[in-house]
Amino acid sequence: MSNNNSIFQDSTILIVDDIPENLQILGNTFAPLEANIIIAQDGETAISNAREEIPDIILLDIAMPGTNGFDVCRALKDEPSTKDIPIVFVTAKTSSDDLKKGFEMGAVDYVTKPFNPSELTMRVSNHLELSKSKKRLEKLLDDKNKFITLVAHDIKSPLSGVKSLMGILVDEYDTLDEAERKEIVESLYESIESQYSFVDDLLKWGQLQLNRVELDKESISTDQLISAIINVQKLNAANKSISLDANIKTEAKLFADATHVENVVSNLVSNAIKFSPKDSHITISADSNGEMIVISVKDNGVGMSDSDKNKLFKKNIIHTTPGTNNEKGTGLGLLLTKEMVEKNGGRIWFESELGKGTTFFVSFPAE
């Protein structure tokens, strides 16, 4: 039974029966499993409660005065907000016509009174699992469709600009002076370079999603890793007079895919530079809590609003913001970073305050 507890702890069950003793028996069956229980003693109350609470499953008696169980089922299945709630009839009615009518209305199961508590619990657990799996799949599909739409837009929009610039070159090449031609070519190169990075990030992210990337885990010196990244990023930082400082508080090594870890931390440092003002500083720290090594990248840049915070790491939102020098990003960087971190058994989180800066944290398993 303990294996089923978690599904009930996260679930709300609406129990509908006009007899108090039956409500008590059903309540006593699921209360020990820590389910959130709502009760109704008549059909109208059941419909109202279902609309307000949107329970995860409904245990519904048929033979009630006034609005009976069939009426309740019909009303809920006709309403978009409640039509997908699984309904299990728990009733003394056992005729084949009643069974047929119940299933035709959309019920997922039929349990007769008196019922076996263990059997009922198992059936409800199975229906909850199926319902929640369906919701997860629907959300994944919806996120995928939104993501594909956003990707198509983010590819098409810049390509329209490239097409327009190329049209100007083709149609007006002989009338343009050398400076104008150079300006157009530079704009074309910048746009194509940005699109190349976007497509490259998209392909990497797609490979991670499809589990086509094999990890090559090894022992990595945190100190050497951060020193190497600072050495690569220092020219980028120097262009904005930004100092990069290391604060290593552990000698422990992490165990992960070196390419992934380098990409993750480099991306976070690059983002910190992008959103930091001139003459500021960025600190890359590392510490160990025993099982995990936590690396943080702290800046005192523009920070994030609550709205922008909610957009990060969402697959149905490709969020990109120009840097303090109008630097451009692909919008996929943090999604890719998150996938790489989680692929290596770590996690990523952040703290940010608008106008005061942002700190990103990533954890990786220690050796």
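The values are calculated or read from the model by the stated rules, or taken from the named source; none is laboratory data. Here the structure is a predicted model, which is why all the values come from computation and not from measurement. FYI the Cβ positions are ideal-geometry reconstructions off the backbone, even for glycines, and counts take in every protein chain you see.
If you go through region 280-326 and keep only what is within 13 Å of S243 (Cα to Cα) and modelled with pLDDT of 90 or more, you end up with S280, H281, I282, T283, I284, V297, K298, D299.
Within region 253-285, being within 14 Å of G346 (Cα to Cα) and among the aliphatic types (A, V, I, L, M) holds for L254, A256, A258, V261, V264, V265.
Residues in region 42-72 that are without any contact (Cβ under 8 Å) to a residue 60 or more places away in the chain and among the acidic types (D, E): D42, E44, E52, E53, D61, D71.
Scanning region 207-230 for residues that are at pLDDT 90 or above, part of a helix (DSSP H, G or I) and not β-branched (V, I, T) returns D223, Q224, L225, S227, A228.
The single condition among (1) aliphatic (A, V, I, L, M); (2) at pLDDT 70 or above; (3) under 30 Å from L202 (Cα atoms) that V151 does not satisfy is (2).
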